[in-house]
Amino acid sequence: MSAEVTFHTAAPVAVEAVGRHLPDRTHTVAELPELAGLSEADRLTCLNLGIETVLADDGLTSYDLAERAARAALDRAGLPAASLGALIVIEPRAPETLISSDATRLQHALGADAATVFTVGGLGCVSVTPALLAARGLLAADPSLGHVLVAHGSKPAGGARYRHPVTVNGDGGQALLLTRPHPAAPIRVLDLVQRTDGRYWDLFRLEYRDRPTARWREECRDLPGYSFRLAMETRNRLGALVDELLSRNGLTRADIAGYASQNLSAGGLAFTEETLEIGLLPSCRENLRRFGHLGPNDVFLNLGTALAGRELAEGDLAVLLNVSPVAAWSALLVEIGPQHGREGTA
Amino acid sequence: MSHGTGETAGEITGETAEEITGEITRFLTDALRRPVGPDDDYFELGLVDSLFALELVTYVEQRFDLTVEVEDLDLDSFRTARRLTAFVRRKTGAETPDRTRAGDR
């Protein structure tokens with residue numbers, strides 16, 4: 001409990017700018033080639049996820065997506081990469097090569113020579129949370145540190161985009177430029193909580209060592225366990241997590257103007273709404289329908305779309321929810337600042 | 001939907017285990033829109049998604065006035081109407097653990 005109190009009293013983090021690279025091209029889910037190899041029941045499950053199209057650029061790797069997003073964030077803020085204090089890369093689902101470093105590759109490409117550089121991950125779409133925790137820790141611990149850039153390129157690990165029975169993965173890059181809070185910041189992350197349960201560490205996995213990439217498949221080792229036990233644990237965990245986040249900030253659910261979650265499926269969004277007895281921001285369903293699942297990038301993408309669509313306004317508080325079958329859960333409390341055209345979906 | 005009052009499942013309505021099983025079976029048949037027998041494993045039949053799981057657990061909690069905790073989430077307790085009856089009776093004190101059938105925990 002004392003750790004939580006210390007954590008809570010730490011300074012908020014400002015999101016100075018968000019950069020994205022969302023490919024122009026899309027794939028229609030109904031035309032995905034992997035559907036031909038599925039049973040009729042599994043095919044219907046895929047088609048009923050609430051995803052019509054996914055963003056896709058087969059010519060870009062996850063690294064390419066992250067780099068383009070990182071450059072977009074720096075451009076929006078007018079900040080030279082050389083002044084970055086830290087660069088945190090959220091690991092891709094599958095790196096192009098092993099042993100090598102996507103993080104220092106990005107450092108070199110950007111010219112972020114003075115930055116402290118490392119990678120975080122291991123929690124699926126929740127991995128945005130340890131990136132924010134690390135950034136906040138760095139900013140709090142070192143008064144001389146400049147901006148921190150968090151970047152991620154989301155792309156399916158194998159050739160198949162459908163992960164039965166969960167979601168369809170799209171392509172997209174996102175970068176968050178973080179700094180200490182100031183009045184002009186368009187978004188402030190006020191607080192965040194994260195929990196994990198290691199019993200689910202390999203509930204979903206992709207075997208790769210003994211097979212060519214064409215046979216890589218994201219597989220669930222225990223479908224009833226996923227649909228029942230983890231779902232019900234999520235019900236209990238998510239409610240407690242949101243209550244903890246709000247209560248330690250002296251808030252109730254009545255103070256929250258909007259909730260956003262990651263984009264897995266229409267059923268997943270409904271599950272979150274029924275579990276918490278809330279309504280999610282309309283941007284969640286809209287982005288799910290158009291873009292599919294973009295991993296750790298989803299929640300800030302949905303927040304950006306909500307801001308662009310004026311679903312939220314300056315001064316509003318919002319909660320961003322992430323659930324991963326690893327299993328991990330996180331809830332972020334954010335405050336909307338003045339909008340100067342630096343946030344958005346572009 | 002009726003709600004319990006803190007009494008045990010049997011005491012709420014004076015129902016026997018078979019009557020509770022019958023009620024749960026009717027709930028499952030309605031929720032899944034297909035006939036479900038007392039010993040049908042609806043997980044094995046692939047009929048359970050997270051939304052149905054939420055509906056099922058919420059029904060059990062509200063109807064029998066109990067709370068399903070994380071440590072209660074043993075799939076074997078929920079996979080058939082008859083097993084669910086045993087779980088309900090165990091949770092509400094109508095059936096002691098040593099009277100449950102092997103495999104219910």
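We did not get these values from a lab; they are worked out from the coordinates using the rules stated. Predicted, not measured: the structure shown is a model, and the values here were computed from it. Reconstructed Cβ throughout: ideal geometry from the backbone, glycine too, with neighbour counts over all protein chains shown.
Please work out how much length the chain gains when fully extended from residue A:52 to residue A:99, using 0.36 nm per residue of separation minus the C-alpha to C-alpha distance, in nm with one decimal. Display every interim value, and only then the final one.
Values: separation 47, 0.36 × 47 = 16.92 nm, distance 3.66 nm.
Between residue A:52 and residue A:99, full extension yields an extra 13.3 nm.
Could you pull out the GluC sites (Glu not before Pro) across the range A:181-240 that fall in loop regions by DSSP (anything but H, G, I, E, B) with no more than 12 other Cβ atoms inside 10 Å?
Filter output for the range A:181-240: A:207.
Rounded, prolate or oblate for the range B:11-94? Axes are the square roots of the Cα gyration tensor eigenvalues, ordered a ≥ b ≥ c, and the cut-off for rounded is a/c under 1.5.
The shape class here is oblate.
Out of all Cα-Cα pairs in the protein assembly as shown, roughly what percent, to the nearest whole number, are more than 41 Å apart?
22 percent
So for the pair residue B:61, residue A:114, with labels modelled 7 Å out along Cα→Cβ, what separation do we get in nm?
5.2 nm
I'd like the FRET efficiency for residue A:213 and residue B:74, computed as 1/(1 + (r/R0)^6) with the beta carbon distance as r and R0 of 41 Å, rounded to 0.05.
0.60
State, as an integer percentage, the relative contact order of chain A based on alpha-carbon contacts under 8 Å between residues 6 or more apart.
25 percent
Roughly speaking, what is the centre-to-centre gap between the range A:69-104 and the range A:130-201 when only Cα atoms are used, to the nearest Å?
12 Å
Just tell me how shielded B:56-65 is by partners: mean number of partner chain Cβ atoms within 10 Å of each residue's Cβ, no decimals.
Numbers: counts 2, 5, 4, 0, 0, 0, 0, 0, 0, 0.
Mean number of neighbouring Cβ atoms from other chains: 1.
Nearest 5 percent is fine: what portion of the DSSP beta bridges confined to the range A:2-183 is antiparallel?
The answer is about 70 percent antiparallel.
Suppose a student asked you for the relative contact order of the range A:2-183, using Cα pairs under 8 Å spaced at least 6 residues apart; what percent would you report?
36 percent
Pull out a ≥ b ≥ c, the square roots of the eigenvalues of the alpha-carbon gyration tensor of the range A:117-248, then state rounded if a/c is under 1.5, prolate if not and a/b is larger than b/c, and oblate in the remaining case.
oblate
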